[in-house]
Structure formats: structure tokens, C-alpha cells
Amino acid sequence: TGPGSRHERVTRELQDGTHSARVTQYSRMIAVALVGPLELAPEYVDAVCLYASLHDIGEIDVSDRILNKPGRLDPEQWDVIRDHPLRGRTMVDDLLAGPGGEDVAYPEVLRSIVELHHEALDGHGYPHGLRAESIPLEARIVTVADVFDALTSKRVYKPPMPMEKCFSIIREEAGKAFDPALVGHFLAAEKDIRTMYETYAEKENLIKPSKPIFIAD
């Protein structure tokens, strides 16, 4: 299928809920928990919550044949998948350089979420192999949210994992793939996470990204 159909598919996912919206909600749980401890600016938290939904925008430029492959990817296909954060960064840069781009709040937050959400604390992530705090906070937040949702979700190549197993993996990877402080805040919201999963993930109901929590009417 051509780029038009891929654009429609990814745009539809960004709009109708599913993976991107759940990642937004999980990222929100972590970011809000950090407001007090890290004295985060409310506007920064809003930016993280808004831009988390765009983390996989680079997949617009990846073939459906690869994204929907039911079996294991070959090395060449895996290289294409690993390149989607850089493709996304290029798209974001083009967007920001265009009309109205100067009005986008916290553009570096958008750039880092899109480009760096597959980096790992221990340097084994991609596309750059960054380590620890060289990975911006917003990318570290979305990484936890993204991986958890991928584990709990049905994919063409796998069934969803049991919730207990998913929480166990997140816990075990603290200090390896994930920032342990962020994992702590995420696991502290386990009850809310389970509620969201039971309400939306299993039934595949619509999840609209909610209004940024610090923006007044």
C-alpha cells in the first residue's frame, strides 16, 4: 500500500485512541507525579502530555508490509523499524520550519519524544545509544509508557501479555532500560493503570487524549 494509506492509518490511530492515546495517558500519570518532586513547570507537563501521542509519527513512512508482518522481522526490516525515530524527527523539523512552527510550545520536547523514545538508560536503545540523563526526561517518561502499552497490547505478531507479567518486566528493567525513579511513580499508579486497561485496552474502546491538565478553559 502507498504512503497515503499509511498516513491515513497512523493519523486514524492518533485521533481515535488505541496505542498513541494510551501512551499519552500513561505518560500523564508519570509526568503529573513529578510536578512536585522536580518542580516541573506546568507548561512543560502539558507539552509532554500533548506530544506523547506523536511519538510514533515516524511510522507513517514505514511500509505496512513491515508494520503488519506476523512473524519475525529480518535484519533489513528491523533496520527500517529502528530508523522510524529519525524519520519522525525529520518530519517534526519540517513541521517546525514551516508556517506557524515558531508558535509551537516547547519544540525541543516534541523533538526528543519523537526521536528518543526508544533510547534505554543503559545505552542499549536506539537510534543513538544514549545513556542515563543524556536522554531527556520527557523521552524517558514516554519510553516507560510506550513499552508498557506494547507489552499489554495485542499485535499482529503476538497476543497481549498478562498484566502481572507486564508490571514485572517494567519493575525488572528499572535501572536498565528505564529510569528507576520514573518506574516507581508509574508502579505507584498501578490501580489507575489497571482501571484504564480494563476499561479501554481489552474492549478497544475509544480513548480521546484528554485536555492538558494545566490549561484553563
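Of the listed residues Met161, Met29, the order by accessible area with a 1.4 Å probe, largest first, is Met161, Met29. Computed over protein heavy atoms with a 1.4 Å probe, the accessible surface of the range 60-179 works out to 51 Å² per residue. Karplus-derived 3J(HN,Hα) values for the range 178-183, using 6.51 cos²θ - 1.76 cosθ + 1.60 with θ = phi - 60°, are 10, 5, x, 5, 5, 4 Hz; glycine and proline are entered as x. Computed from backbone phi with θ = phi - 60° and the Karplus coefficients 6.51, -1.76 and 1.60, the 3J(HN,Hα) list for the range 43-52 is 5, 5, 4, 4, 5, 4, 5, 6, 7, 4 Hz; x is used for glycine and proline.
For Phe178, the residues whose modelled amide H falls within less than 5 Å of its own, excluding neighbours fewer than 5 places apart on the same chain, are Leu121. Phi angles across the range 185-195 convert, under the Karplus curve 6.51 cos²θ - 1.76 cosθ + 1.60 with θ = phi - 60°, into 3J(HN,Hα) values of 5, 5, 5, 5, 9, 3, 4, 5, 5, 4, 4 Hz, Gly and Pro given as x.
To the nearest 10, the accessible area of Val156 is 80 Å² with a 1.4 Å probe. A simple spin-label model places the labels of Arg171 and Asp83 4.0 nm from each other, with each point 7 Å out along Cα-to-Cβ. Treating r as the C-beta distance of Val104 and Glu133 and R0 as 25 Å, the FRET efficiency rounds to 0.50.
Legend: residues Glu133, Glu115, Glu173, sorted from most to least accessible area (1.4 Å probe; ligands, DNA and RNA excluded), read Glu133, Glu173, Glu115. When only Cα pairs below 8 angstrom with a gap of at least 6 residues are kept, the range 98-180 shows a relative contact order of 27 percent.
The values are calculated or read from the model by the stated rules, or taken from the named source; none is laboratory data. From a predicted model like this one, the values you see are computed outputs, not experimental measurements. Here the Cβ is made from the backbone with ideal geometry for all residues, glycine too, and neighbour counts use every protein chain on show. Protein only, heavy atoms only, side chains kept; ligands, DNA and RNA dropped before computing areas. Shrake-Rupley method; radii C 1.70, N 1.55, O 1.52, S 1.80 Å.
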